[in-house]
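Presented below is the structure to which this report refers.
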Ligand SMILES: [Zn+2]
């Protein structure tokens, strides 16, 4: 495959959205939303918000909007002027430099890739360009691995732009890489984190869609399969085909013809499974100011729900402390069922703690994927605080708390990784035995539908799911720990759980 040159042609004629409004619907009823979507409205944000939905409503659907019982507020009467302004502004950028101004505005794929190269060239000691794979149209999916400490230390994976139009995720993830790399050795918290934890950053998982969103359709979400596209975030094998994904190619959440049918999804899976130090995956989307975690496919909690919630709360607290932006932590399915999502797969089949931040803005004010570029730095700064929480959790930098013997966290012993066991009887989780290959789909009889067995969350009081882990240090209950804040204590406990998970993974 030759080199694909990605030039943004400012003279191309992109699709126009004249007269499309953005409306917010309070207390949305699923039937009303479905009717509006069938009339041509499009849900903005990845999923409906907890109390309201933003829709982009084309002119022909406005009459239906007026006829619904829903309380709707028009936030933007016509999106096209905003798109024109964005395009005009970006056309004036000129040659992109990789200095301090890089994050002043949104950047196209060529600039993002060049920025990764510039970072790697300037910091060769702690970085390495990595290849995740190749897109459908032959574009490389590139990342940068940052490793300042031991090669076998735990690592985090941060990814962006699975959905093409979510440009704030592209810039945020690139900015996270930039900040982490540039501030290593200067910023104490970043230095501590990177000396203990490797971080791999992949800003654009869907390069074809991203380019297309720049050149042709600003609201493009999917990859570019057959011109209609597949929603990569419904294409992952775990519980593929279930509710909250569509079998209709024209729909925004079209799941594709088969699990992992799309090269972008398959590449990410293979990449993840090849990294034996990974402990968490954070996949940045926009928007809604949410911090989601599995499951997406069922409203049943995961076996690790308490750990997910606690770790999510620690992240959102740290994030809110930066600029006052509150992100809401919750299980993804509390908003809307979504089957075949990357975070369910990463958790169930790769054994990772998996989070999906939905970045700015929230659903209160006007919302869109088209946001003022002044949000880039602020979003980067607040998400960095969340990454540092995860790094601390991963690094085991804190001693685990003394558990007073009765604690159940160290007694599970037995290897039934009680993760998602579906009705086929196969334990589809089984981190221990699937890490070698991208084989996960074979275990699931699709479509899972409602029968897909939820995890055995209810059964064990221990719920920690550590298989193995029997050799975990026993935690003498004989001393009284110096007093720590509850937040630190919680992180310490989570660190203990992480170690158990890591042991499971390596068996
Ligand atoms: Zn998204």
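Any read-out appearing in this document is the output of simple, stated calculations on the displayed coordinates, not a laboratory observation. Values in this document were obtained by computation on a predicted structure and should not be read as measured data. Because the Cβ atoms are built from the backbone with ideal geometry, glycine has one as well, and the counts that use them run over all protein chains shown.
What the table shows:
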{"item": "Residue 250-residue 68 pseudo-label distance in nm [points 7 Å out on the Cα-to-Cβ vector]", "result": "1.9"}
{"item": "Point-to-point label distance, residue 330-residue 128, nm (Cα→Cβ direction, 7 Å offset)", "result": "4.1"}
{"item": "Whole-Å semi-axes of segment 88-395's equivalent ellipsoid (Cα gyration tensor)", "result": "26, 23, 19"}
{"item": "Directionally averaged shadow of segment 8-138, computed from the convex hull of its alpha-carbon atoms, nm²", "result": "11.6"}
{"item": "Estimated D of segment 245-285 in µm² per second, where Rh is the Kirkwood radius over Cα pairs and Stokes-Einstein applies at 4 °C, 1.567 mPa s", "result": "107"}
{"item": "Whole-percent pair-distance distribution, where bins are 10 Å wide, for the alpha carbons of segment 322-388", "result": "16, 42, 34, 7"}
{"item": "Isotropic mean projected area of the C-alpha convex hull, segment 141-208 (nm²)", "result": "4.4"}
{"item": "At 0.890 mPa s and 25 °C, Stokes D of segment 220-296 from Kirkwood alpha-carbon radius, µm² per second", "result": "181"}
{"item": "Alpha-carbon Rg with Dmax, taken over segment 173-261, Å", "result": "17.9, 51"}
{"item": "Segment residue 78-residue 101, extension gain: residue separation times 0.36 nm, minus the distance between their alpha carbons", "result": "5.2 nm"}
{"item": "Where N is the number of residues in segment 21-78, Cα Rg divided by 2.2 N^0.38 Å", "result": "0.95"}
{"item": "FRET efficiency estimate (nearest 0.05) - Cβ-Cβ, residue 258 to residue 320, R0 35 angstrom", "result": "0.30"}
{"item": "Debye equation applied to the C-alpha atoms of segment 74-190, log10 I(q)/I(0) at 0.10, 0.13, 0.20, 0.21 Å⁻¹", "result": "-0.38, -0.61, -1.22, -1.31"}
{"item": "Equivalent ellipsoid dimensions for segment 56-130 as semi-axes, Å, which come from the Cα gyration tensor, largest first", "result": "42, 16, 9"}
